[in-house]
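Everything below concerns the one structure shown next.
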Amino acid sequence: MTHSNFRIYLIAICVVLVPVLTNGQRVADQIYMKLDSSTSQCFRLLNGTHQVGCQSKENGNTGIIYLVESSAELDAINQDSGNYGEYIVAIDARHFDEFASALQRMPSIVGVLLMQRNSEPLGSSGISEDAACPNERTSMYSEDAAHKCDWNPTQTAAGVRFLDWTKPIFLIDNATEIDIIVKSCWETFNKPVDGMAREFPVCAATLTQFMTAAKDAPTCLRRQEMFAGLSGDTTLHLCDPLIDENIIAFLPPTNKTAKQMFEHESVFVLTARMDSFSMFSDRTPGEESAISGVITLLAVANAIGQKREQFSSAARQRKHYLLFALLHGESLDYIGSSRMLYDMNQTKFPVEASSSVKDQVDQLTIDHIGFVLELNQIGSSGGEHFAHVDGTVYSGIKREKIDTVLKDTGFSLADDSNTSRLPPASYQQFLKHSHSIPGFVIGDYKTKFNNKYYNSFADSDNLDAAKAIDAITKVAESSLKAVTNWVANESTGYTIDRDYIKDLYDCFITKKFWDECEILKRATTYLENKAIVRQKTTYIGTQGSMEARSSPIKRIANVLMVGSLGEKLPNVDTKEQCGHLSGLKKNNMYSYFWQLDLLQSDNASYCYQSTVMQTPAQSPAFLIEDYDMTSGKYSTWVESVWAPSVSLKLFLRPPPRYSLWIFLTAMVVLLVSMAICLLLHRISPLLIDAHPGADIGDPSL
Amino acid sequence: MDLKKVSDDEKLFLCKRYFYWGLALLPFLWLVNVVWFFKQAFIRPPFPQQNLIKNYVIYSGIGLGLWTVLFVTWQVVFQTNRVAWGASGDYLSFVFPKGYA
């Protein structure tokens with residue numbers, strides 16, 4: 001090859017080899033350290049009037065790391081802000097509630113790293129992300145401004161989750177990463193020495209978590225609809241309404257054809273909520289807030305299911321019915337219950353009347369309801385349980401009905417005066433529609449919640465197992481007696497299976513994932529998308545059309561309810577045949593599910609026929625035409641869509657004067673280059689051959 | 001088009017045409033008029049059509065000034081009030097911001 005070609009090849013080979021031989025890294029990797037074990041970032045929710053939650057700039061929020069352990073550090077930040085500019089505060093989860101308002105308020109704090117060491121308890125202060133008066137806007141007492149509502153002991157009255165943070169919050173529970181932040185980053189570079197701020201370089205971080213929706217729910221929904229993409233395929237996806245399903249079961253079922261219908265005040269409703277929430281979408285264990293009530297209700301369902309035939313015939317004689325209702329979305333302004341009552345008013349509950357189905361259920365309306373017993377937070381350590389009534393209902397004509405059921409349960413009233421208020425509970429929604437339905441709410445608290453972690457990321461591992469199981473068993477037994485007496489006029493022959501409660505407690509609460517114990521492993525056998533189902537998530541979430549993405553707690557509770565209340569069909573031997581039965585729609589009284597026997601240890605599966613159904617839990621706000629989203633009548637919560645690139649990077653920031661030096665150097669280099677170019681231009685006649693064309697056609701090249 | 005190659009009558013004709021068409025809510029035509037014929041109207045030594053050309057350029061300039069004021073005012077009003085106008089603001093927008101109101 002020719003001389004110049006050879007030189008070109010040599011240069012090319014060197015260029016390619018240099019990065020390989022010098023173990024070349026991207027410059028970015030040499031500067032930034034990525035901490036990516038955390039999958040818990042605070043996300044944004046929007047309702048009819050506000051946006052709450054977190055937001056970062058599209059390229060992330062950058063600030064100097066500052067460890068806050070007391071208000072002294074916050075004062076230091078306030079005074080220091082000229083020195084460093086913007087801060088990312090690292091704070092232990094124990095102190096979060098105390099300083100949440102200050103962290104949210106201070107504009108010089110542009111991000112928060114919440115550190116939770118798993119081995120340490122969160123201390124006696126607790127942390128709840130909900131407001132002091134949960135669900136205040138949609139409560140039945142919202143008109144009554146004089147009344148003080150402070151059920152939830154939290155240091156941030158509005159609720160940490162409901163502040164508009166406009167800064168990202170990352171939850172870190174990996175011990176290695178916490179050590180990196182506290183030791184390698186903070187103590188080595190940033191911690192003030194003898195009260196004096198440290199010199200540069202200091203350790204800084206960039207947090208990126210970008211939410212696309214803003215302002216409020218009507219805005220993001222309207223913009224989604226209005227957006228006309230430049231091509232037909234582009235859509236603007238900003239936010240999604242929260243939606244899932246309630247699980248209900250009637251026992252015995254009604255049948256219009258057989259003239260078995262609801263009568264006035266003939267239905268006893270036993271209800272519990274199955275959801276909780278947190279600002280971190282994957283941290284919603286809701287153990288005391290929701291799961292405790294769910295386990296209690298499941299235990300009662302199991303006990304009645306053991307004697308299902310006996311119960312059903314006794315109930316039919318009295319023309320009474322029992323409705324089990326596991327409601328979803330209650331912690332976010334009563335999504336499930338408000339929808340259930342809305343459907344009742346439209347006579348669409350549990351399903352609309354249909355002309356094509358032969359044996360169909362009767363529609364339940366509010367005047368068929370005779371009693372509501374709700375289970376709300378059961379089992380905190382050693383505490384007594386109380387029944388809560390609404391003072392107006394209790395001092396009215398229904399007092400006797402309430403007292404009768406109360407006597408059966410053996411609980412005492414938290415407040416028996418005529419100013420007694422209900423805690424935040426689904427029963428409130430029933431009373432909003434008809435202010436004379438007798439009922440009460442059972443909970444482990446009297447005037448303030450015992451649960452210091454109500455609706456928060458930390459609502460797990462706080463219960464004492466032995467005491468909680470005892471409490472759940474006791475409440476389940478009391479509720480069972482109340483239910484069977486009211487519906488079937490008998491209470492002997494029904495027993496709570498304490499081992500069942502122990503198993504469920506172990507499965508839902510003690511174990512780290514929801515499929516690590518026998519019962520739930522069997523329950524999740526036929527469920528799709530097991531990777532999601534095993535996560536301890538009670539948040540209602542948004543939902544595409546895929547069943548496989550819907551709420552784990554709902555899908556698992558459904559299997560458990562069917563297992564307790566269903567009957568095995570003898571001649572149905574395959575999953576397909578079972579599915580075929582539900583497709584046939586000869587009746588809508590029963591549902592058909594293919595699952596394992598949860599209490600056996602064999603591998604045989606059966607087709608269970610039961611009255612367990614799923615009804616929509618989506619706020620009526622999204623159904624009603626021209627609903628005024630600012631009215632506060634129904635839940636209007638939507639969840640923002642967030643950009644996929646989420647990251648947390650640490651790096652060292654050099655002194656600001658470095659930027660000045662770099663700039664000056666660049667200017668000097670620029671001027672020098674310009675001078676050289678000018679010089680070369682001037683002397684170019686001397687350098688370049690004055691006779692062009694001499695080289696072209698040279699035969700030796 | 002190079003004005004050097006065009007006769008003075010033609011120049012007057014163009015300037016006039018641009019002015020009148022600009023009345024159809026086309027302020028950029030007036031901008032073109034002002035920029036293009038400025039030298040002809042004010043800097044070149046007098047020629048027979050210059051007076052008329054000068055008039056058209058001045059009228060275009062006045063119209064341009066009014067339109068500028070109008071546009072600037074509307075921009076300021078819209079940018080500062082778009083969020084407060086809520087739904088109406090959105091109906092007037094073509095592209096929506098992500099992540100902030």
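Before moving on, here are some points about what is shown:
- Going through (1) in a loop (DSSP other than H, G, I, E, B); (2) surrounded by 15 or more Cβ atoms within 10 Å (Cβ to Cβ) one by one, A:Val182 falls short only on (1).
- Annotation: of all residues in the range A:635-655 being of a type in the set (Gly, Ala, Ser), open to solvent by 10 Å² or more (accessible area, probe 1.4 Å) and assigned to a loop (DSSP other than H, G, I, E, B), the one that is nearest to A:Glu136 (Cα to Cα) is A:Ala643.
- From A:Arg339, A:Arg399, residue being in contact with a helix residue (DSSP H, G or I) (Cβ under 9 Å, 6 or more places away or on another chain) and at pLDDT below 95: A:Arg399
- Annotation note: of A:Glu263, A:Glu225, the sole residue that is away from every other protein chain (no Cβ under 13 Å), surrounded by fewer than 16 Cβ atoms within 10 Å (Cβ to Cβ) and of a type in the set (Asp, Glu) is A:Glu263.
- Residue tally, condition without any contact (Cβ under 8 Å) to a residue 60 or more places away in the chain and either outside any loop (DSSP other than H, G, I, E, B) or outside the structural domain of A:Ala466 (by TED's automatic domain parsing) (or both), over the range A:381-403: 11
- Within the range B:64-101, the only residue that satisfies the criterion of being open to solvent by 90 Å² or more (accessible area, probe 1.4 Å), modelled with pLDDT under 95, in contact with a helix residue (DSSP H, G or I) (Cβ under 9 Å, 6 or more places away or on another chain) and part of a helix (DSSP H, G or I) is B:Tyr91.
- Filtered by the rule that a residue be in a helix (DSSP H, G or I), touching a residue at least 40 places away in the same chain (Cβ under 8 Å) and surrounded by 14 or more Cβ atoms within 10 Å (Cβ to Cβ), the range B:9-51 gives B:Lys11, B:Leu12, B:Cys15, B:Lys16, B:Tyr18, B:Phe19, B:Gly22, B:Pro27.
- Index of the failed condition, A:Leu46 passing every other in (1) exposed (fewer than 13 other Cβ atoms within 10 Å of the Cβ); (2) of a type outside the set (Lys, Arg); (3) at pLDDT 95 or above: (1)
- Here A:Ile496 meets the list (1) out of contact with any strand residue (DSSP E or B) (no Cβ under 8 Å at 6 or more places or on another chain); (2) in a helix (DSSP H, G or I); (3) of a type in the set (Val, Ile, Thr) almost entirely, failing just condition (2).
- Among the candidates A:Ser355, A:Ser338, the residue that is out of contact with any Leu (no Cβ under 9 Å at 6 or more places or on another chain), crowded, with 24+ Cβ neighbours inside 10 Å and not hydrophobic (A, V, I, L, M, F, W, C) is uniquely A:Ser338.
- Taken over the range A:425-448, the criterion of being under 25 Å from A:Ser380 (Cα atoms) and open to solvent by 10 Å² or more (accessible area, probe 1.4 Å) is satisfied by A:Lys446, A:Thr447, A:Lys448.
- Residue in the range A:159-171 that is surrounded by fewer than 20 Cβ atoms within 10 Å (Cβ to Cβ), among the small types (Gly, Ala, Ser) and out of contact with any Gly (no Cβ under 8 Å at 6 or more places or on another chain) present: no
- One residue from A:Val182, A:Val202, A:Val193 being away from chain B (no Cβ under 14 Å) and in contact with a helix residue (DSSP H, G or I) (Cβ under 6 Å, 6 or more places away or on another chain): A:Val202
- The requirement of being within 30 Å of A:Ile366 (Cα to Cα), assigned to a helix (DSSP H, G or I), without any contact (Cβ under 8 Å) to a residue 12 or more places away in the chain and more than 24 Å from the chain's Cα centre (by Cα) is fulfilled nowhere in the range A:432-449; no residue meets it.
- B:Lys54 being more than 14 Å from every other protein chain (Cβ to nearest Cβ), in contact with a helix residue (DSSP H, G or I) (Cβ under 9 Å, 6 or more places away or on another chain) and open to solvent by 80 Å² or more (accessible area, probe 1.4 Å): no
- Picking from residues in the range A:70-97 that are within 24 Å of A:Lys649 (Cβ to Cβ) and among the acidic types (Asp, Glu), the one that is farthest from the chain's Cα centre (by Cα) is A:Asp80.
- Unmet requirement for A:Thr176, which otherwise passes all of (1) of a type in the set (Ser, Thr, Tyr); (2) under 15 Å from A:Arg44 (Cβ atoms); (3) surrounded by fewer than 22 Cβ atoms within 10 Å (Cβ to Cβ): (2)
- Selection within the range A:279-305 - open to solvent by 10 Å² or more (accessible area, probe 1.4 Å) and among the hydroxyl-bearing types (Ser, Thr, Tyr): A:Ser281
- Checking each residue in the range A:306-321 for being aliphatic (A, V, I, L, M) and either open to solvent by less than 10 Å² (accessible area, probe 1.4 Å) or within 30 Å of A:Asp461 (Cβ to Cβ) (or both) picks out only A:Ala315.
- Top-ranked residue of the range A:1-43 - restricted to ones that are of a type in the set (S, T, N, Q), in a loop (DSSP other than H, G, I, E, B) and more than 30 Å from A:Ser635 (Cα to Cα), ranked as least open to solvent (accessible area, probe 1.4 Å): A:Ser38
- Options B:Phe78, B:Phe96; residue that is away from every other protein chain (no Cβ under 14 Å) and over 16 Å from B:Cys15 (Cα atoms): B:Phe78
- Residue check, A:Gly566 within 28 Å of A:Ala303 (Cβ to Cβ), in contact with a helix residue (DSSP H, G or I) (Cβ under 9 Å, 6 or more places away or on another chain), surrounded by 15 or more Cβ atoms within 10 Å (Cβ to Cβ) and not hydrophobic (A, V, I, L, M, F, W, C): yes
- Residue that is farthest from the other protein chains (Cβ to nearest Cβ), among those in the range A:18-67 that are closer than 24 Å to A:Gly541 by Cα and touching a helix residue (DSSP H, G or I) at 6+ places or on another chain (Cβ under 6 Å): A:Ser37
- Members of the range A:56-87 found to be open to solvent by 20 Å² or more (accessible area, probe 1.4 Å) and farther than 22 Å from A:Gly195 by Cβ, listed by number: A:Lys57, A:Glu58, A:Asn59, A:Thr62
- Residue match in the range A:115-135 (condition: over 26 Å from A:Ser281 (Cα atoms) and surrounded by fewer than 17 Cβ atoms within 10 Å (Cβ to Cβ)): no
- Selection within the range A:301-330 - closer than 20 Å to A:Ile501 by Cα and of a type outside the set (A, V, I, L, M, F, W, C): A:Asn302, A:Gly305, A:Gln306, A:Lys307, A:Arg308
- Failed condition for A:His237, given (1) surrounded by 16 or more Cβ atoms within 10 Å (Cβ to Cβ); (2) within 34 Å of the chain's Cα centre (by Cα): (1)
The values are calculated or read from the model by the stated rules, or taken from the named source; none is laboratory data. Just so you know, these numbers come straight off a predicted model, no measurement behind them. Cβ coordinates were reconstructed from backbone atoms using ideal geometry, including for glycine residues, and neighbour counts include every protein chain displayed. Ligands, DNA and RNA are stripped out before the accessible areas are found, and what is left, the full protein with its side chains, is counted by its heavy atoms. Shrake-Rupley method; radii C 1.70, N 1.55, O 1.52, S 1.80 Å.
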